[in-house]
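Contents: one structure, followed by commentary.
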Amino acid sequence: MNTRPIVVGADGTESSTIAVDWAAREAHRRNLPLRIVHAFDFDWQGARYNIGTDFIDMARKVAEAVVAAAWDRARDIAPDITIETETVIGSATPRLLEVAGEAESIVVGSRGRGGFTGLLLGSVSQRVATHAACPVVVVRGHSAADGPIAAGVDESPAADLVLETAFDAATEQNCPLTVVRAYLPVIPLWLSDVAPPTVDTPEQDAAENERLDEQLVPWRAKYPDVPVTTVVTHESAAYALERESRRSRLVVVGNRGHGLLAGAFLGSTTLQLLHHAGSPVLVTRPRQSKKETSS
């Protein structure tokens, strides 16, 4: 039996509060425990003047207030689940990454307490989504309660994990699934100055739709009760998925890098979604063992 908790990072911000709400609903829906984690730093320079204890005590009281408020919200939303809270000293990113190996997933808000208010994605959220050893949900936008789940796939090996995750979620939530495939058609040289999304290539589109349908055959057979809609587009994957996110309850994408550092960086599509999606984004990846995460 799976007893790994859903872990949510809490820092008292509005973005964090929305993430706590989402994580509590998800834990309730999946009958999983919820673990609320808050990491706090304090002014180490103060400790040089023998007043460090005061800083620690003050920071700890603030931290305890943050997790207490998060616990209250989560308990109101999901009164029947197990909820644990933890306050740890240190930066949020490494502390959240430390618990990733024991988590079913990590949930974070799209923004933290950083001073760069113009940014659409906080540094902690991006780093956790990039490096965590478990799936990560970045909660942004507004989840469409009656909308489908959307999944972005290509023909890479990572697509199977994205589809498995998306079909599982659609089954659990009893909702439709929209599968999006983006590709650039081969166009005549005399149309080289025309934007690919506007070029009419019916034969290539039909072939791409057929490939996508073939890719979905085993998944449709395994999940016969999930209604599936396919979208094949000449637009960029990020643009197409961002548009789908405006009417979806969740978007599922893979974590994909390039070259020797594959897995170390988010793919451009995923990164753009984390900045601009209109719904929560689930970045899925193969689960790593504790040994792998510590090596």
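The values are calculated or read from the model by the stated rules, or taken from the named source; none is laboratory data. Predicted model, so just to flag it, every value in this text is computed and none were measured. A quick note on method: Cβ atoms are made from the backbone with ideal geometry, for glycine too, and the neighbour counts reach across all protein chains shown.
Has the range 82-89 got any residue that is loosely packed, with under 15 Cβ neighbours inside 10 Å and modelled with pLDDT under 90?
Yes: the range 82-89 contains one or more residues that are loosely packed, with under 15 Cβ neighbours inside 10 Å and modelled with pLDDT under 90.
Is it the case that Ser156 is touching a strand residue (DSSP E or B) at 6+ places or on another chain (Cβ under 8 Å) and either outside the structural domain of Thr229 (by TED's automatic domain parsing) or free of Cβ contacts under 8 Å to residues at least 60 places away in the same chain (or both)?
Details: touching a strand residue (DSSP E or B) at 6+ places or on another chain (Cβ under 8 Å): yes; either outside the structural domain of Thr229 (by TED's automatic domain parsing) or free of Cβ contacts under 8 Å to residues at least 60 places away in the same chain (or both): no.
No.
Just checking: which of the helices (runs of 4 or more DSSP H) contained wholly in the range 189-295 hold 3 or more residues that are at pLDDT below 95 and over 28 Å from Val139 (Cα atoms)? Before the answer, list the steps.
Numbers: elements: 202-222, 237-245, 268-276, 290-294.
Passing ranges, in order: 202-222.
Among the candidates Ala47, Ala59, Ala68, Ala39, single out the residue that is in the same structural domain as Val99 (by TED's automatic domain parsing), within 30 Å of Trp22 (Cα to Cα) and either at pLDDT 95 or above or out of contact with any strand residue (DSSP E or B) (no Cβ under 7 Å at 6 or more places or on another chain) (or both). Full working, then the answer.
On the way: Ala47 fails: within 30 Å of Trp22 (Cα to Cα); Ala59 fails: either at pLDDT 95 or above or out of contact with any strand residue (DSSP E or B) (no Cβ under 7 Å at 6 or more places or on another chain) (or both); Ala39 fails: either at pLDDT 95 or above or out of contact with any strand residue (DSSP E or B) (no Cβ under 7 Å at 6 or more places or on another chain) (or both).
Among Ala47, Ala59, Ala68, Ala39, only Ala68 is in the same structural domain as Val99 (by TED's automatic domain parsing), within 30 Å of Trp22 (Cα to Cα) and either at pLDDT 95 or above or out of contact with any strand residue (DSSP E or B) (no Cβ under 7 Å at 6 or more places or on another chain) (or both).
Could you tell me which numbered condition Leu184 fails, if it satisfies all but one of (1) within 27 Å of the chain's Cα centre (by Cα); (2) at pLDDT below 85; (3) assigned by TED's automatic domain parsing to the domain that holds Arg246; (4) surrounded by 15 or more Cβ atoms within 10 Å (Cβ to Cβ)?
(4)
Between a residue in the range 85-103 that is in the same structural domain as Arg60 (by TED's automatic domain parsing) and any residue that is among the aromatic types (Phe, Trp, Tyr) and part of a helix (DSSP H, G or I), which pairs come within a Cβ distance under 7 Å, given they are 6 or more apart or on different chains?
Within 7 Å, the pairs are Thr85/Trp71.
How many of the residues making up the range 1-38 are outside any loop (DSSP other than H, G, I, E, B) and more than 12 Å from Ile81 (Cα to Cα)?
Step one: list which residues in the range 1-38 are outside any loop (DSSP other than H, G, I, E, B), which gives 6-9, 14-30, 34-38.
Filter once more, so that each one left must be more than 12 Å from Ile81 (Cα to Cα): 7-9, 14-22, 36-38.
Number of matching residues: 15.
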